[in-house]
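The values are calculated or read from the model by the stated rules, or taken from the named source; none is laboratory data. The structure displayed is predicted, hence computed values, not measured ones.
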Amino acid sequence: MPTAVWATLLPMFLTSPELHAQFEFWFYRVGTYLLTNVLDDPAWLALMFC
């Protein structure tokens, strides 16, 4: 994304509680998915500890 787009979206994101709450929800949802389905996978655990 061009820098000008971020410059206009960031202040709107910081001042909008609805956008902030939605971002936080998806952040935790993706994090939970990664923890339960990727890091808990026995093949990944074997690769990390070998």
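Worth pointing out:
- Evaluating Leu35 against the criteria (1) aliphatic (A, V, I, L, M); (2) modelled with pLDDT of 80 or more; (3) more than 20 Å from the chain's Cα centre (by Cα) leaves one unmet condition, (3).
- Boolean, Met12 is modelled with pLDDT under 75 and part of a loop (DSSP other than H, G, I, E, B): no
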